[in-house]
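Working notes, structure below.
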C-alpha cells in the first residue's frame, strides 16, 4: 500500500486559532482525505509550537506558568480542528516528553557529525516572530515580516554549520524540481542561497522556556530548531523507525518557507535523514493590504463564521476562492456569495431537484451513461495528486454545472418510460459520483448526499457510471442561503 505523509506547520502559541491557521489545516486535511480515498496509508500531522521567549513573556504577563499558558492555548486549537472536521492522525505538542527526547537525540546526531560549534551571536532578533534577521533584510530598521521593532543581541551561542550544506541544497533542488511548490518559489530560495549561507545560531542562553541543549545546560535549543523536529518526533522516533518518513508534503506559509526548504533539509542531511519530498507553500489571507495574523490584530475567528454559515461552506471557500500559493483577500461578502451561488444554487439545487424527480418515479432506474463524458476524472485525479486543490475543485464544479445543464436540457418532467428512466439514471449516478469526489473538500456534505441516496460513501474506484441498486430519498436542502 502506498504511503502518504502530510504535515501542517505546528502553530505558535500566541492566541486562539484564526482564519489563516484554519486555511492551512483545511488544505492539509483535503490532501489527507484524498489519499485515504485512493487507498493510501495516510498519516496527517498537525500540532502546536509551545516554546520560546514570546511565550515565556506572555505567560508572566498573565500570571501563569508557561506550561499552564500553553496548555490552555493548545486545547483551543484541538477543539477548533475538531469543529472544522479535521481528520489529523496525531496532534504533536513541543512540550511533550516524546518531542523533547527526539530533539536532544537529533541535536546529538548533528554534533557527532561535526556540525555544531560554540561561538557568539551579534545581530538583530525579532521576538514576535522568534527570528534572527540579517541587517541587510531589515526594512526601515524593522522586521521584514511583521514590520515591528527588532532588538540587537549579543550573546553566547552554539552554531549549526548551515554554510556546509549550501552546495548540497542547491544540488538537491536541481535533482528534485518539485521539492518547493509552486515551482516559482524555487528561484527565490536559490538566489538567496547563492548570496551565501551563514551558520545558524541554534541555542539561546537568555531563554529558559525551551528544551535544554544537551551539551550545555545553560542554553536552550532555539525554538525554530526545536519546532522543525516535530515532523520526526510524532512518528515515534527515536524509539522506533519513522515509518512514514520522508514526508510527502510539508504544507507551510510563505513566511516560513526559508526554515522548511533550507534550514530543515540541511539539519536532516546533518543528522543522516533524507529531506522531505516537497514543501508546499501557500499564500496568506490579506486584510487591507496586510497578512492576517494575531500579532497584527487583524484576524477573523473561523468558528464564528461556521456558526453563521456551515463548516463545509468555509472549507469550500478556503479551496475555491484563490489558487494555492497565491495571496487572497478575505471578506464575508465573498464567503456569502460562494455559499449562495455555488453551494446552495449549484450543488444543493442539483441534489434537491434530482431526488425530488426520482421520488416520483416508479420502476428501475437504468439507461445509457450519457453524462459520463462530462466527468473529467483523470484530470481531477492528476490535479489532486499535484496538490492543486484549487484546480481540482474547479474541474469537479464543471461536472456539477454539466449535470445541472443535463437536467435543463433533457427536461425529465416532460418525459415518460425509458427516456425518463435514462434521464434520471444519469442524474442520480452523477450525484453519487459527486458525493465521492467532493468528500475530501466537504466531508459532511458528502455524507448527507450519500444518506439521501441510501448508500454509504463510495471509494475512488466507484467513480464510474454503473447499475443503480440503491433507493434515493430526498432530504432537507444541503445549504441554506444567507441574506
Cα point-scatterer Debye curve for region 332-462, base-10 log of I(q)/I(0) at q = 0.12 Å⁻¹: -0.46
Gain on full stretching of the segment that runs from residue 136 to residue 333 - 0.36 nm per residue minus C-alpha separation: 66.9 nm
How high is the relative contact order of the chain, in percent, counting Cα pairs under 8 Å that sit 6 or more residues apart? 16
Once region 215-372 is represented by equal point scatterers at the alpha-carbon sites, with solvent omitted, what log10 I(q)/I(0) does the Debye formula produce at q = 0.15, 0.16 Å⁻¹? -0.99, -1.04
Give the distance, in whole Å, between the Cα centre of region 331-373 and the Cα centre of region 407-483. 7
With a point put 7 Å past each Cα toward its Cβ, work out how far residue 90 is from residue 382 in nm, to one decimal. 3.6
Can you tell me which of 220-231, 332-343, 439-450 comes out highest on packing, and rank the rest after it, using the mean Cβ neighbours within 10 Å? 220-231, 439-450, 332-343
Would you mind giving the three semi-axes, in whole Å and largest first, of the ellipsoid equivalent to region 66-213 according to its Cα gyration tensor? 28, 23, 20
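From the helices alone, meaning DSSP H stretches of at least four residues, give me the mean residue ellipticity at 222 nm for the chain, per-run term -39500 (n - 2.57), in deg cm²/dmol to the nearest 500.
So the helix-based figure for the chain works out to -13000 deg cm²/dmol.
Here, each number is a calculation from the coordinates, and none is a lab measurement. The structure presented is a predicted model; accordingly, all values stated were derived computationally and were not measured. Glycine gets a Cβ as well: all are built from the backbone with ideal geometry, and neighbour counts include every protein chain shown.
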